[in-house]
Amino acid sequence: MKVIVLGACGGMGRYVSKSISSFQEIDDLVVADLNLKDAELFASKLGPHVKGIAVDINDTETLLRVLLNYDVVLNTVGPFFKFGYQVLKTSIEANCHYMDICDDWEPTERMLELNNIAKEKNLTAILGLGASPGITNLLGKIAIDHLDIAHTIYTGWNLEEAQPESVSSQKEINAAMIHGIEQITGKVKIFKDGKFEMVNPLKELKVSYPNIGTHSAFIFGHPEAITFPYHCKDLLNSVNLAHGNKSTIFVLKIMRKLINLKILTKKIAARFLEWLEKQEASKKLVQANSLPEIYALAIGFKNGNQESVGVSLDGEPSRELTMGEATGYPLSLGLKMFLNNEISERGVIAPESKCIDHKKLLMEIYESFGMKEAKIKIDKSW
């Protein structure tokens, strides 16, 4: 198989590229970035079998010509609300299988619309195979499968756990920060009472988690709210949530208000958010009896009774994980499953698709984090 990684020198792409550079299933690996020197230097560190090239994904004609030479495209270029749809569309035109870490709901909707075209071309495209979305989707499908019928799925994570990358080819504002600002401003889409609805992000919800209790969480725009109803037709509600300490939530709400009032620009807000993330990462505040760092909570019926089940991780990593590791390794391991024919469904899908062995992929991801004793923790209300 010939594989190309787009945005390979970025904070997320570096981990993906390094991880898959040892895959024996890959015959030809190319790491592509906007800057040729960065790509060539990075490729030289991965081995003589890896080549670095320059690609500007805004130039769709050139991108198409490049992709025609490959079998699989791994897209790590953000923000995805700007680039996701066009790169997927171009990949399909080039007859390439495709995987990404898309974390924006807006392009996810449009990308799912390419499902029939991908199927007709016998191509697989997996969207959002990172941490959130990605790990959250796998946790969510496991939670749903523990119920007879699930009507609500919440995916969630701790804002304080997102540590920015120290090494990246990005010279401008961090794409992850731009994404964060985009998803807390304006309106975001969730699935409520059987239909999609636009709501204000950072709206507080009370989450009753089995064996932990009721805690506050806040609506955060993300693809999980879009993809779960796409794959799980019985669902009536699908919402992505974030939680954190009160000061972080307060700052984000102030930033949202100032941006919506056009007093603060999104670019300045993104720079401030990047600085804030670094400050919070150094503090590592631990909240007792809080929601898990990353989790999914399904609500529905079991044996005729309304019940809930939460799924999270039971175990600690052997080292501090960065955002790049937590996001990049799931994509790498998803690719490995695909290359080994363990994922064979065609079309545009998300990680909660029934064609994926959710438990196996999840455990392999946790092992890549250095969690050899990790277990999938199931908290049930019954």
Residue tally, condition of a type in the set (D, E, K, R) and out of contact with any Leu (no Cβ under 9 Å at 6 or more places or on another chain), over region 6-65 | 10
Having 1 or more residues that are at pLDDT 95 or above and β-branched (Val, Ile, Thr) is the bar; report the strands (runs of 3 or more DSSP E) wholly within region 93-162 that clear it.
-> 124-126, 149-158
Residue under evaluation residue 301, criteria (1) assigned to a strand (DSSP E or B); (2) outside the structural domain of residue 153 (by TED's automatic domain parsing), criterion not met | (2)
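Within region 299-306, is even one residue under 21 Å from residue 12 (Cβ atoms) and crowded, with 18+ Cβ neighbours inside 10 Å? So that I can check it myself, show each step before the final result.
Step one: of region 299-306, the residues under 21 Å from residue 12 (Cβ atoms) are none.
No, that holds for no residue.
Inspect all residues belonging to region 305-313 and state whether any of them is modelled with pLDDT under 95 and more than 15 Å from residue 17 (Cα to Cα). Step through it out loud before you land on a result.
Residues of region 305-313 that are modelled with pLDDT under 95, as a first pass: 313.
Imposing the further condition that a residue be more than 15 Å from residue 17 (Cα to Cα) reduces the set to 313.
Yes, the conditions are met somewhere in region 305-313.
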Any hit, region 53-71, residues being assigned to a helix (DSSP H, G or I) and aromatic (Phe, Trp, Tyr) = no
Wholly within region 168-254, strands (runs of 3 or more DSSP E) carrying at least 3 residues that are touching a residue at least 12 places away in the same chain (Cβ under 8 Å) and closer than 29 Å to residue 115 by Cα = 188-192, 237-243
Any chance residue 227 is under 23 Å from the mean Cα position of the chain (by Cα), crowded, with 16+ Cβ neighbours inside 10 Å and modelled with pLDDT under 90 = no
Provide a single number: the residues in region 335-371 that are surrounded by fewer than 16 Cβ atoms within 10 Å (Cβ to Cβ) and within 16 Å of residue 325 (Cα to Cα).
-> 2
In this structure, is residue 30 without any contact (Cβ under 8 Å) to a residue 40 or more places away in the chain, surrounded by fewer than 24 Cβ atoms within 10 Å (Cβ to Cβ) and in contact with a strand residue (DSSP E or B) (Cβ under 7 Å, 6 or more places away or on another chain)?
-> no
Here is a list of conditions, (1) in contact with a strand residue (DSSP E or B) (Cβ under 6 Å, 6 or more places away or on another chain); (2) buried (at least 19 other Cβ atoms within 10 Å of the Cβ), and residue 314 meets all of them except one; can you say which number that is?
-> (2)
Only one residue in 301, 338 is under 29 Å from residue 84 (Cα atoms), aromatic (Phe, Trp, Tyr) and modelled with pLDDT of 95 or more, so which one is that?
-> 338
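Taking the criterion of being under 20 Å from residue 332 (Cβ atoms), outside the structural domain of residue 234 (by TED's automatic domain parsing), surrounded by fewer than 21 Cβ atoms within 10 Å (Cβ to Cβ) and touching a residue at least 24 places away in the same chain (Cβ under 8 Å), would at least one residue in region 97-120 satisfy it?
no
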A careful count of residues in region 121-152 that are touching a Lys or Arg at 6+ places or on another chain (Cβ under 6 Å) and either free of Cβ contacts under 8 Å to residues at least 40 places away in the same chain or crowded, with 24+ Cβ neighbours inside 10 Å (or both) gives 0
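The values are calculated or read from the model by the stated rules, or taken from the named source; none is laboratory data. Given the structure is predicted, the values throughout are model-derived calculations rather than measurements. Every residue, glycine as well, gets a Cβ built from its backbone with ideal geometry; the counts of neighbours run over all protein chains shown.
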